[in-house]
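Have a look at the structure below, then the notes.
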Amino acid sequence: MIRTPLRPLAQILLARQAGQNPDMIERDNLAKRHDIMRESTKGRSQLRLAVLALAFFAAFATIVVRMGMLAASEPVEPRLAGAESGISAGRADLTDRNGRMLATNMVTHALYAHPKDMIDPVRVAKELALIFSDFKVADLERRFTDGRNFLWLRKVLSPEQMQAVHDIGDPGLLFGPREMRLYPNGRLAAHILGGASFGQEGVNAAQVIGMAGLEYALDSSLRDPSLSNQPVALSIDLTVQDAVAEVLASGMTMLDAKGAAAVLMDVDTGEVISLVSLPDFDPNDRPRPILGNDPALSPLFNRAVQGVYELGSTFKIFAVAQALELGLVTPDTMVDADAPMTWGRFRISEYEGKNYGPLLSVADVIAKSSNVGTAHIALEIGAERQKAFLQSLGLLDLSPVELSEARGTYPLVPKNWSEITTITASYGHGIATSPLHLAAAYSTIANGGILVRPSLLRDHPLENMPRILSEKSAAQAVGMLRGVVTRGTATFADVDGYQVAGKTGTADKPNPQGGYYKNRVINTFASLFPASNPKYVLIVTLDEPVDNTGPKPRRTAGYTAVPVAGEIIRRVAPLLGLRPGLDLAQETVVKAVISGSINQ
Amino acid sequence: MRPLLYLLTFCCVMALAFWAYRENYATQHGMKEVNVLRADIAHLRESISVQKAEWAYLNRPARLRDLTALNFDRLQLLPMNPDQFGDLARVALYQAPPSDMSQMTVDMIELQTLTAPTEVGAPKP
């Protein structure tokens, strides 16, 4: 800034000449300078004021807006969203093939305690012990008073128990909602369903996880929240399952058997319509597994899937079917059946030392269940081809069924497939599979030779399965199996109208100490019906049955498993919507024509 | 002119403010209702699942079997049996009674007079 001098010399001289007071000029200039200074100061202080005002305005505006928001908004309690708890409790229902409920969820409550909130822990302990018989007063009292903050008391309460706990009226007792898995049909289909229990537990929810069976095998998809509204339909038919279980249970009691299993399978799709294993258990209250002992003694043991047994003569049809397929024999070919047969140091004889030989037709080998005849056929096939055939039928691998138990149950197969193995395997000894394996293999014969994949789900994907047998050899094999029922070892299963075909099998039980038991057998009847157009395969297996109605105890399948299977077919075939077959229908048509009623 | 414009704008703003105020409360009310309905639906769903479970429990095959046994004298229900399949030819179907044509036309006329009396009578003065 250029300072203007207060007394500019030119003006002073001029003023002196004019006789004016030069001081006036100085004052005038001073005043001008002060004016400029004042102006600049004024501007600065005004700016300061404005900034200050703005600050105050902002502060007060914030307060006003906040107050306004508080006044205008609704007071809402913060709520815990279901997903935030980290435990998803939903679980899809399981239904049978017709939509009848097999497993569902029910809302119930768990009981827990906050001992520090309790008014009178001693009284609470006493009252709780009155409601729940398994609680001990002293124990509860100790736990209520040892200074802990939190205590689980019961995982699941019935409504009555909950009301009783409410009536105690102590603020230290609290309820947490729980989804509980419920099996309304009780023991029915217990082995298929398995059972469930609680996994991760919180106060507000608990995870329900599958313990065994389908609940375990399908656990992740059942728990998937996006699928939990859609029930999973099983291939099981509840009505059929019940009928099979009822007949099998009474058969087991009558024949004094230790256990029993039955598998009913649709031969075209491999769907398991019914799968029963006895003794069974209640999945609502799944018993603890027995430790140490033989797991087969536990009711949890699924004999139809986990029970790997030597299934005896039921295997004979595989050797014969393969021989038919290879063109080695026809049903009428005569084969050597001269018993006993000696092979190296082994002696192969028939049941009760009979001799059906010297020659027997292939159809009769099956009908009479000749070990020697089958052995000769198997020797013609040879070890390698036999093993490959059994493998292709799925008898030597894990069963692909969806049960978790099936994933750990390998068939027992000899490591070294020698010629004697070929002989024994042809009549079902030295090779052990589960009844479910057998059902799938028989389905292949029954449906005209196409491999099936057993499944417990109604909507399982259908794949193009390979053909194992030609239609002709499958039909011939079915015809021979029909012969077993009409004139062979299984005449008790000849249910009128359903043309049952099948093969019996009696195998001595292996002794864990080595060798075989003398009087303990596993009896199996593998059947298919109706023989003219097979629709279903039924396998019935009885563990240590004995028929005591005769003069001496009978332990062959023909007297034990066969009548039971016959009764099951008689009960179940109408439920499956199968009309009694041609023989009956033709008869009625003829009658109708004779009586003249058919044209009206 | 200008004061009128100001007045109009002010009125507009006031009207919009009033509308927004009402809309705000309507939305809050709606949201509350949705929450109530959601809770209702959840509750009803739960009830349905309980009813379904109960229905399945009451219809469990073991119980039905016991009930048929208990009420056998009234219902006489037995397990299904292959003999129960009948033949269509054996069913006594309804058969029209034999009749000649003249009889039929008479019947039809009678039927008409019986069923449509109002139409016949309507045009009368």
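Rule-based calculations on the coordinates, nothing more; no lab input. Computed from a predicted structure; not experimentally measured. Cβ atoms come from the backbone with ideal geometry, glycine included; neighbour counts cover every protein chain shown.
Quick look at the values:
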read-out: Set of lysines with alpha-carbon distance to A:K126 below 26 Å, sequence-local pairs under 8 removed; value: A:K116, A:K136, A:K155
read-out: Modelled FRET efficiency - R0 56 Å, A:E74 with A:I2, Cβ distances, 0.05 increments; value: 0.25
read-out: FRET efficiency, B:T27 to B:L4 (Cβ-Cβ, R0 41 Å, nearest 0.05); value: 0.75
read-out: Rounded Å value of the spacing that divides the Cα centres of segment A:406-420 and segment A:1-59; value: 117 Å
read-out: Helical contribution to [θ] at 222 nm, DSSP H n ≥ 4, -39,500 (n - 2.57), averaged over the protein assembly as shown, rounded to 500; value: -14000 deg cm²/dmol
read-out: Hz values of 3J(HN,Hα) by residue in segment A:540-551 - Karplus curve (6.51, -1.76, 1.60), Gly and Pro given as x; value: 10, 10, 10, 9, 6, x, 8, 9, 9, 6, x, x
read-out: Exposure proxy ranking, count of Cβ atoms within 10 Å, fewest first, for A:V452, A:V203; value: A:V203, A:V452
read-out: Backbone HN-Hα couplings from phi across segment B:7-13 [Karplus 6.51/-1.76/1.60, Hz, Gly and Pro as x]; value: 4, 4, 4, 4, 4, 4, 4
read-out: Other-chain or far-sequence residues with amide H under 5 Å of A:V521's (modelled H); value: A:K509, A:E544
read-out: Distance between segment A:259-308 and segment A:150-172 - C-alpha centres, whole angstrom; value: 36 Å
read-out: A:K415-A:L130 pseudo-label distance in nm [points 7 Å out on the Cα-to-Cβ vector]; value: 6.7 nm
read-out: Environment charge at A:E419 (Cβ cut-off 13 Å; Lys +1, Arg +1, Asp -1, Glu -1); value: +1
read-out: Rel. contact order, % - alpha carbon contacts under 8 angstrom, at least six apart, chain A; value: 13 percent
read-out: Fully extended contour minus Cα-Cα distance, from A:N149 to A:Q163, at 0.36 nm per residue; value: 2.7 nm
read-out: Shape of segment B:2-80, Cα gyration tensor, a/c cut at 1.5; value: prolate
read-out: For A:H191, B:H43, A:H109, order by how many other beta-carbon atoms lie within 10 Å, fewest first; value: B:H43, A:H109, A:H191
read-out: Calculated FRET efficiency for the pair A:N98/A:D256, C-beta based, R₀ 45 Å, to 0.05; value: 0.80
read-out: Rounded Å value of the spacing that divides the Cα centres of segment A:329-371 and segment A:435-511; value: 22 Å
read-out: Contact order normalised by residue count of segment A:83-172, Cα under 8 Å, 6+ apart, percent; value: 36 percent
read-out: ³J(HN,Hα) computed for each position of segment A:50-61 - Karplus, 6.51 cos²θ - 1.76 cosθ + 1.60, integer Hz, glycine/proline x; value: 4, 4, 4, 4, 4, 4, 4, 4, 4, 4, 5, 4
read-out: Length gained when the stretch A:R16-A:N204 is fully extended (0.36 nm per residue, less Cα-Cα span); value: 57.1 nm
read-out: When segment A:1-143 is reduced to its Cα atoms, the Kirkwood hydrodynamic radius in Å; value: 27.0 Å
read-out: Entries in A:K316/A:K387; A:K316/A:K368; A:K503/A:K552; A:K368/A:K415 that, when Cα-Cα distance is taken, lie over 21 Å; value: A:K503/A:K552; A:K368/A:K415
read-out: Two-decimal Rg to Rh for the protein assembly as shown - Kirkwood Rh, Cα set; value: 1.34
read-out: Least to most buried among A:V305, A:V240 (fewest other Cβ within 10 Å first); value: A:V240, A:V305
